């Protein structure tokens, strides 16, 4: 479950990075 | 107006003043409010975007930013960051000049302390657009020092020099 948890956290982190990039029209 | 995000995780304590400045400017100057939140978002992600409480906080902050961007629509200061940068810089320098003029006139009061401090926070915000210019770096340093110095003088009953 540890690796699943890490994977979820990493996906959410990526999601925030992508949203930030979209917000700033950097994608 | 965007609601205040509470509670702020301890890791983001250093951002609380920028977020408060954002809230204070939601009506007065929404562009300034937007970039203060963007600064908090960007800096917050660098500090901690992994712990559940910080991710939750940042996610809510991002919701606010996305909503605010939609509300501001086609405003040039939002769609073109170079225009936004000039807007925030002008606003910060106006606030700095107001406080500096009061200082030089020997008029020391809470409002001018707050203006010095807010100017320094807004100059922090300029870092979302890239590295600060040497001039802005010096203004920020001076404004923060002056705010602390005058605050301490008034608190201890001394007259600032």
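What follows draws every value from the coordinates through simple rules; no lab data is involved. Note that the structure is predicted; figures quoted are calculated from it, not measured. Please note: Cβ atoms are built from the backbone with ideal geometry, for glycine as well, and neighbour counts cover all protein chains shown.
Using the rule -39500 (n - 2.57) for each DSSP H run of four or more residues, divided by the residues of the protein assembly as shown, the 222 nm mean residue ellipticity is -24500 deg cm²/dmol.
Net length available on complete extension from residue B:59 to residue B:71 is 2.5 nm, with 0.36 nm assigned per residue and the Cα-Cα distance removed. Note: relative contact order over chain B, using C-alpha pairs below 8 Å and six or more positions apart, is 19 percent. Summary of packing: across the peptides B:45-54, B:104-113, B:142-151, the per-residue average of other C-beta atoms within 10 Å ranks them, highest first, as B:142-151, B:45-54, B:104-113.
Other protein chain C-beta atoms within 10 Å of residue C-beta, averaged over B:90-101: 0. Starting from the Cα gyration tensor of region B:1-119, take the square roots of the eigenvalues, sort them a ≥ b ≥ c, and report rounded, prolate or oblate (rounded when a/c is under 1.5, otherwise prolate if a/b is larger than b/c, else oblate). The shape class here is oblate.
Averaged over residues, the count of other Cβ atoms within 10 Å places the peptides B:72-79, B:28-35 in the sequence B:28-35, B:72-79, highest first.
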